[in-house]
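S.K.: Dumping the structure here so I can ask a few things about it.
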Amino acid sequence: MQKMIKKVLVANRGEIAVRIMRSCREMGIQSVAVFSEADRTSMHVRYADEAYYIGPSPSAESYLKMDKIIEVAKLSGADAIHPGYGFLSENAKFSARCGEAGIIFIGPSPFAISTMGDKITARKTMIAAGVPVVPGTTEKVTSDEFALKTIKEVGLPVMIKASAGGGGKGMRLIREEKDILPALRGAKSEAMTAFGDDAVYIEKYIDSPHHIEFQILADKHGNAVHLFERECSVQRRHQKVVEETPSPIMTPKVRAEMGAYAVAAAKAVNYDGAGTIEFIVDDNLNYYFLEMNTRLQVEHPITERVVGVDIVKEQINIANGKVLSFVQENLKQSGHAIECRIYAEDTDNNFMPNPGTIKHIQEPLGLGVRHDGYVYEGYTIPIYYDPMISKLIVWGQTRGEAIARMRRALYEYKITGVKTSIKFLERIMESPDFCIGNYNTHFIENNLERLLADSECDLNCEDIALISAFIEYSDKLDKVKQTVSMATLRHGADWKARGRRSGVNRL
Amino acid sequence: MQKMIKKVLVANRGEIAVRIMRSCREMGIQSVAVFSEADRTSMHVRYADEAYYIGPSPSAESYLKMDKIIEVAKLSGADAIHPGYGFLSENAKFSARCGEAGIIFIGPSPFAISTMGDKITARKTMIAAGVPVVPGTTEKVTSDEFALKTIKEVGLPVMIKASAGGGGKGMRLIREEKDILPALRGAKSEAMTAFGDDAVYIEKYIDSPHHIEFQILADKHGNAVHLFERECSVQRRHQKVVEETPSPIMTPKVRAEMGAYAVAAAKAVNYDGAGTIEFIVDDNLNYYFLEMNTRLQVEHPITERVVGVDIVKEQINIANGKVLSFVQENLKQSGHAIECRIYAEDTDNNFMPNPGTIKHIQEPLGLGVRHDGYVYEGYTIPIYYDPMISKLIVWGQTRGEAIARMRRALYEYKITGVKTSIKFLERIMESPDFCIGNYNTHFIENNLERLLADSECDLNCEDIALISAFIEYSDKLDKVKQTVSMATLRHGADWKARGRRSGVNRL
Amino acid sequence: MKLDLKVKDRTAALELIKKEGNILKVSVDGKIYDLDMIKVAQGIYSVIYNGKSYNVEMVPGNSTKHYLVNTFYRSYQIEIIDAESKYMKNRKSGDSHLGENSISTPMPGKVVKILVKPGDEVEAGQTVIIVSAMKMESEFKVRKPGKVKAVHVKEGDLVEGNKVMIEIE
Amino acid sequence: MKLDLKVKDRTAALELIKKEGNILKVSVDGKIYDLDMIKVAQGIYSVIYNGKSYNVEMVPGNSTKHYLVNTFYRSYQIEIIDAESKYMKNRKSGDSHLGENSISTPMPGKVVKILVKPGDEVEAGQTVIIVSAMKMESEFKVRKPGKVKAVHVKEGDLVEGNKVMIEIE
């Protein structure tokens, strides 16, 4: 029998590192933190049982340094590495390197990561597994003729995407025929610059889609289940802002179908561990495989709350070679959960990141509220990494209760010292489109004016703000004056003493 | 149709006031705080939409002042009063006074409160309703002969208890025949002093019992359900310290029976609102009605977590005249929840309360953790009220996971400035008797030595503590020296200047 | 105690009329407020006015006379106007135009690229500097046409928030 | 920098050998510790020693030379011993017996009842004063027989923590 994991190195930082260490602690597993120069005071360093410095602040010189991280794992005697999300989490080479070093990588095999990482290969694999994909090519576009012919078959509008892609790079939307060839050339050259690979492919463009993803868990013995969907359509610049489960547009029939496809997709790459199958869904609930994230997602807590499963513990159990402790029929969605991502950003200034020092923090507590964060009073958010401060997750018996609870939690959540997206999120929770559950990925841009509007407050509010500043300033002045007058007093006494002394000296 | 509640005055303080206001906020109901002199800076005052001063610090002059509280309710336009627990929550007169003033009392009728408040009447009512009670009298003990005869029937040991009683006053345990008459006289005189009523009754003494209570909810339309049990046997001086649900000793059959009796008990007094039926249970799962608490309990959150119902919202819905939105068959227990009460107390010094100023607080967060508190950094816990700081509630799929999570949460929970029971609670979570679920109300006294033992830590721990104090002190010294040397510098400059000036003067 | 305070376009005259412990009487532009106001923690006040409970958070700004004040629903940038600041204002008013067109960063970050040098003529909307922070690159553009007067940073520099990087006249 | 520190019955000699930023070399009774130690907030240190991560919280005690220091698992009462405290210790050692038998309150509270007056002879275990705090009344008993020297409080007084209420000789 395999030796059980006793010590886990968490190759990440911030909230996700702390979140992973929490589950380790509950399992009696020791945790090892790694940190860059900027992160000496980060909570994940303080929370871990052990902590090791791995390099300068830029992630390329620390959190992305495979050699260094594997070296620390060996030095500290960690049996396993959890990559979190981002950084090395979807790096097939790192998964392989861990294996070679005799360290368990808590995540899928290099094969599963690389198959799903290359978009054209992933599309082909999914088609072979019978999973619906967005209409388009399964080959890379090698000639203008091929592009024109394919687009004619698929019908405009289409997207050209880089096979190695991600983050919107090497991507072009084409609405008119005349734009096809320029867009193709642009996408290829951008893909080459960004990824060193100019392979692109063509997909039908789905207008106003919903982003719906399915959480899956698969063990090393061929068992796989899905933990239902997450609705992730509230996005800004392809960045998720709010997620919820169940999706307000889902039906039991479509859920069962999509869930079965998600499991089939995972099985098609012999997947093991936790993963997410992303679909795009149109208003008529037609759904298409978009991509697979072969790691833990930022938004996994809403699934944990509604399904009652600790996904990180399941990842560790799977890595330990255990058989999944439940089958699909055991799993149920109970109630409704919503997650808001709290960013250090200036929503009134084009959502510019706003790092800085936390002066005061009051965290929301009470019934149905989970808060996954890592900052504390006096902590300085560094400029080198993601501006996410924390994730606020609420649960309610119904979607309505969950929204009301999120509003309550956001109202209670106070941070001073950095600007945050808290008020922007409050306005999302109040917007009619969100409240009735009628929204797609264009929600934020369609509602931007409303979401950025000032909250209402009577004139007293402004006057009370003025009075508070007035009193704070007056008290400060008083203190300065006291200090000054005490200094004068002492000065006076001093002077007399010296007078006397000098008198003595003169004798 | 009745007008719906729009504004609630919360006639309480601290964590329970904040907890009630949270549910009000989620329901769109305005909340009104009342506060004593000592509580101006309490979180409930800051959290409420409105806040009114009601008197000096001792609760007899503030939180127990019915007139003043009803006056504030009228002044602020509150339609309802929520009494929380303690203070006026089980005061039949206050319930009646609210009704007379046209204000909804969020709690049961004066009749239900007074019937359950008088122990002899409650016993009689329960017997009439077919609910098992502890063997003993249903009449007050009027003569020595009656006492001797009853005790002979019931069999020693027995308890003599005050009918108006509570808090252990007017209570005597009798193990030997010779003690009967002295104990009877002692109990009666103590009851007279404490309650102005010397009525006492006799109950069989159940040795090493479990305290198990059932949460019930009943509307004004004759519908009543139970929300299953809570195991409350971890007690110190009749004060609950840890509660959990489900009870580790419960069986489905006994649960169903006891639940049905709990509902019958509530119906016997036409109960409406939330209430708790307390039973004592012996090792063979024989159970007896002990008393009913006609209010919200401190430990209600564990039920909320496992059953998925917000009990405060249900109280408000019931007060609004709504029909319960679920029937017994809709309710299920899912997973396991544990609550630890965090007290400001010195566990090494006979659990002496330890009020003071909170210097630093780090609250436990993350998956499965709920924290209901009211203190914040810089807040001074007043000496006038209960020393409870907060309640930590965790949930797990299994009892084992819940215990592991509670240990993790207690590990994360840091408060400096006051002594707390956190480490004592950690040791409860580690004790074998608790972990296997084999405990009764003698658990703490049976395990006291283990629970008060120092935690182990290697020598490095002590040395690192020494080094930290050393560095903190050295840095402070350095700062003082800098200030002094700067002062000397200025002093020197000053001296020269004066020298010159005096030189000038001499000219 | 009397002071003028500025919030947005409004300049309000405040006067402390009475103070007994945390019970205050304050006039704001002649309107009298009777308040119960207490500092509950560093920078945090609890205010009760006419029964309403307000939490006010105060964050010191760039100078001792600037505050960012948060009430539950809104944030206010407030400035204390005393004799000294009035004097400074008068002195500065001459070159306020220059200040407006200069480029400063609202957040700490790292200078990735500088696209102009002193003496360059720039057009409105022209990108002059790129700063990166938290995985995001921001392009800073000129608001009005002008001429680059000075460049105070160089590529690779870490800059603090609210620093003037490029002056344009 | 060299200092003696006292914890329980142990007096340890500490010396700061080197300090570069947050990297320290310290000797404790001759044992050398190479540490990474940083103050992350008021009274909170993060310490990394041999790869192990420790959080240390420091609460100032009754004097500037006393600290309550919490590591994850244990609390330590630590006292800085310098020339001044050595002198004070020597001076005090004569009447330490008196201090032990005097009655002081470990927490703030209200004096409910005083059962003795100066001059009274008291027996070991005799209750001399009752103090109430947080809904609980505590009876304070004499540890050894003696004579009441002074009563520093009266019934109804609010007392702070760690105050001597009754002196017994």
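S.K.: With the requirement that a residue be over 21 Å from the mean Cα position of the chain (by Cα), closer than 21 Å to B:K169 by Cβ and not charged (D, E, K, R), what does segment B:80-114 give you?
M.R.: B:S114
S.K.: Could you tell me whether any residue of segment C:53-75 is touching a strand residue (DSSP E or B) at 6+ places or on another chain (Cβ under 9 Å), away from chain B (no Cβ under 14 Å) and at pLDDT 95 or above?
M.R.: no
S.K.: I would also like to ask the following. Scan the strands (runs of 3 or more DSSP E) fully inside segment A:355-405 and keep the ones with 2 or more residues being within 25 Å of A:P432 (Cα to Cα) and more than 7 Å from every other protein chain (Cβ to nearest Cβ).
M.R.: Strands (runs of 3 or more DSSP E) meeting the threshold: A:388-396.
S.K.: With B:K74, B:K68, B:K140, B:K93 as the choices, which residue is outside the structural domain of B:R22 (by TED's automatic domain parsing) and of a type outside the set (D, E)?
M.R.: B:K140
S.K.: Here is a follow-up. Being farther than 16 Å from A:P301 by Cα, among the aliphatic types (A, V, I, L, M) and in a loop (DSSP other than H, G, I, E, B), is that true of even one residue in segment A:406-417?
M.R.: Taking every residue of segment A:406-417 in turn, none turns out to be farther than 16 Å from A:P301 by Cα, among the aliphatic types (A, V, I, L, M) and in a loop (DSSP other than H, G, I, E, B).
S.K.: Which one is farthest from the other protein chains (Cβ to nearest Cβ) among residues in segment C:109-147 that are within 23 Å of the chain's Cα centre (by Cα) and in contact (Cβ under 8 Å) with a residue 40 or more places away in the chain?
M.R.: Restricting to residues being within 23 Å of the chain's Cα centre (by Cα) and in contact (Cβ under 8 Å) with a residue 40 or more places away in the chain, the top hit is C:K144.
Every residue, every condition in (1) on the phi > 0 side of the Ramachandran plot; (2) under 26 Å from the mean Cα position of the chain (by Cα); (3) in a loop (DSSP other than H, G, I, E, B); (4) at pLDDT 95 or above, yes or no:
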| residue | (1), (2), (3), (4) |
| --- | --- |
| B:I70 | no, yes, no, yes |
| B:K149 | no, no, no, no |
| B:K152 | no, no, no, no |
| B:A164 | no, yes, yes, no |
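S.K.: Using beta carbons and a limit of 9 Å, which pairs, at least six apart or on different chains, have the first residue in segment C:15-33 and within 11 Å of chain A (Cβ to nearest Cβ) and the second one modelled with pLDDT of 95 or more and in a loop (DSSP other than H, G, I, E, B)?
M.R.: C:N22/B:R40
S.K.: Moving to a separate point now. Need the failing condition index for A:L75 against (1) at pLDDT below 95; (2) within 14 Å of chain D (Cβ to nearest Cβ), just the number.
M.R.: Only one criterion is unmet by A:L75, namely (1).
S.K.: Considering segment C:38-82 alone, what residues qualify as being more than 12 Å from the chain's Cα centre (by Cα), of a type in the set (G, A, S) and outside any strand (DSSP E or B)?
M.R.: The answer is C:G43, C:G51.
S.K.: Can you pull out every residue in segment C:117-157 that is surrounded by fewer than 12 Cβ atoms within 10 Å (Cβ to Cβ) and in a strand (DSSP E or B)?
M.R.: C:E121
S.K.: Continuing with this model, one more query. So which residues in segment B:128-137 are surrounded by fewer than 15 Cβ atoms within 10 Å (Cβ to Cβ) and either assigned to a loop (DSSP other than H, G, I, E, B) or free of Cβ contacts under 8 Å to residues at least 24 places away in the same chain (or both), if there are any at all?
M.R.: B:G130
S.K.: Might you check whether a residue that is surrounded by 24 or more Cβ atoms within 10 Å (Cβ to Cβ), in contact with a helix residue (DSSP H, G or I) (Cβ under 7 Å, 6 or more places away or on another chain), within 14 Å of chain C (Cβ to nearest Cβ) and small (G, A, S) occurs anywhere in segment B:38-48?
M.R.: yes
S.K.: Also, quick follow-up: Quick test for you: out of A:A101, A:A96, A:A92, A:A122, pick the one residue that is surrounded by 19 or more Cβ atoms within 10 Å (Cβ to Cβ) and free of Cβ contacts under 8 Å to residues at least 60 places away in the same chain.
M.R.: Answer to the check: A:A92.
S.K.: Mind listing whichever residues of segment B:456-472 are touching a Phe, Trp or Tyr at 6+ places or on another chain (Cβ under 9 Å) and surrounded by fewer than 23 Cβ atoms within 10 Å (Cβ to Cβ)?
M.R.: B:E456, B:C457, B:N460, B:C461, B:E462, B:D463, B:E472, listed by residue number.
S.K.: OK, next. Yes or no: segment B:173-185 includes at least one residue that is in the same structural domain as B:P157 (by TED's automatic domain parsing), within 27 Å of the chain's Cα centre (by Cα) and more than 28 Å from B:N284 (Cβ to Cβ).
M.R.: no
S.K.: A further question on this structure: Does A:F443 fit the bill of being touching a residue at least 24 places away in the same chain (Cβ under 8 Å) and more than 27 Å from B:I20 (Cβ to Cβ)?
M.R.: yes
S.K.: Now for a different question. For segment B:15-27, how many residues are surrounded by fewer than 24 Cβ atoms within 10 Å (Cβ to Cβ) and more than 11 Å from chain A (Cβ to nearest Cβ)?
M.R.: Adding up the residues that qualify gives 0.
The values are calculated or read from the model by the stated rules, or taken from the named source; none is laboratory data. No experiment lies behind these values; they were computed from the predicted model shown. Every residue, glycine among them, receives a Cβ derived from its backbone with ideal geometry; neighbour counts consider all protein chains shown.
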